[in-house]
1. Does residue 100 satisfy the criteria of being surrounded by 18 or more Cβ atoms within 10 Å (Cβ to Cβ) and either assigned to a loop (DSSP other than H, G, I, E, B) or free of Cβ contacts under 8 Å to residues at least 40 places away in the same chain (or both)?
2. Filter region 1-16 down to the residues that are more than 18 Å from residue 80 (Cα to Cα) and touching a residue at least 60 places away in the same chain (Cβ under 8 Å), then identify the one that is surrounded by the most Cβ atoms within 10 Å (Cβ to Cβ).
3. When the residues of region 25-41 are narrowed to those that are under 13 Å from the mean Cα position of the chain (by Cα) and touching a residue at least 40 places away in the same chain (Cβ under 8 Å), which ends up surrounded by the fewest Cβ atoms within 10 Å (Cβ to Cβ)?
4. Kindly evaluate residue 9 against the criterion of being within 18 Å of residue 94 (Cα to Cα) and modelled with pLDDT under 95.
Amino acid sequence: MTLVVAWLQAFVLTQLVECPIAAACFAGQEPRRSRRYALCFFASLATHPLVWFVFPELGFRYLATVELAELWAWLTEAGFYWLVFPGARLERVLLASLAANAASLTLGFVVRAATGWL
């Protein structure tokens with residue numbers, strides 16, 4: 001399996017996990033569910049390719065790479081949510097991004113441990 005195919009599969013899995021969590025967190029800021037999902041999709045689209053293709057090339061050990069990449073994804077997505085969901089409190093955007101990213105990271109580790117995939 002090529003790295004791009006593995007990334008695409010992981011990206012789809014990430015979207016299936018993160019979008020419902022993050023979108024639910026912003027129901028009070030945006031009543032249109034489709035718009036919430038679209039914005040959450042784009043937040044992850046902005047971070048996921050770099051997590052997969054750039055951070056591993058920085059030369060850090062695996063754990064440091066994961067920590068830096070996830071910290072960057074969490075804060076970048078929180079910043080995106082802060083911009084696109086006017087009126088959302090800072091605590092909400094940080095928690096929404098943390099919850100979504102933690103869930104997909106955890107599922108990724110489980111899938112990797114169980115199947116060797118990812």
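The values are calculated or read from the model by the stated rules, or taken from the named source; none is laboratory data. Worth saying up front: this structure is predicted, and the values here are computed from it rather than measured. Glycine also receives a Cβ, built like all others from the backbone with ideal geometry; neighbour counts cover every protein chain displayed.
1. When the stated conditions are applied, residue 100 does not pass them.
2. 10
3. This residue is 39.
4. No; evaluated as a whole, the condition is false for this residue.
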